[in-house]
Amino acid sequence: AAFNLRSTALSEKDSKAAATAGATQVAQSSEPNKQVHNPSLSKLSKRVVQTAKHDLQRSRCAVACISNSSATLSDLTAYLSDEVFSVISIQDSVKALTEIVRLNPDIVIADARLEKIDGYKLCELLRQHPSFEAVPVILMFDESDQIVSKKACCSGITETLVKPFNQTDLIVKLFPHL
């Protein structure tokens, strides 16, 4: 979900205003750091900034985080910047399935030890849905859990994340999937 400001985001009227205002180059006065005020350019600039902000908001990466632990969900939310990620925190693994399908996140982070449906089964079920065959799923597990790698491979888990983790550990796992 990369930020992309396309020229097609401007209307024909804005394009004409840009040409009239000389928006392809910033008009400068004889003083080196002083820009000439041009009302048409200012109005156009506001539209471009609004369009860019809208595109940026749309391009935020939606991350569904599923854990029984409110502390883990709080850590995930704190570690993931609001400007880059939109975090969806879910504590109930059964509701998680319907919420994930409804919200269509870009990445799923699930705890291995969930009540009712564990993280492995959650991933298996997601992989059966055509929309989620390729969505990255990161499984969080405790250091003491010895069977993770074999079960993770069979479940379709994309990455694993050992708990406790810090922001750097989390971003390193997420970054290749952005």
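The values are calculated or read from the model by the stated rules, or taken from the named source; none is laboratory data. This is a predicted model, so every value here is computed, not measured. Cβ atoms come from the backbone with ideal geometry, glycine included; neighbour counts cover every protein chain shown. Side chains are part of the model used for accessible areas, which takes the heavy atoms of the whole protein and leaves out ligands, DNA and RNA. Shrake-Rupley method; radii C 1.70, N 1.55, O 1.52, S 1.80 Å.
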Given the conditions (1) open to solvent by less than 10 Å² (accessible area, probe 1.4 Å); (2) in a helix (DSSP H, G or I); (3) not aliphatic (A, V, I, L, M), which single one is not true for Cys65?
(2)
Segment 113-151, subset buried (at least 18 other Cβ atoms within 10 Å of the Cβ) and in contact (Cβ under 8 Å) with a residue 40 or more places away in the chain, residue nearest to Phe85 (Cα to Cα):
Pro136
Output for Cβ contacts, cut-off 6 Å, separation at least six or different chains, first residue among the charged types (D, E, K, R) in segment 86-105, second part of a strand (DSSP E or B) and buried (at least 16 other Cβ atoms within 10 Å of the Cβ), reads Glu99/Ile90
Whichever residue in segment 93-112 is at pLDDT 95 or above and assigned to a loop (DSSP other than H, G, I, E, B) and, among such residues, is surrounded by the most Cβ atoms within 10 Å (Cβ to Cβ):
Pro105
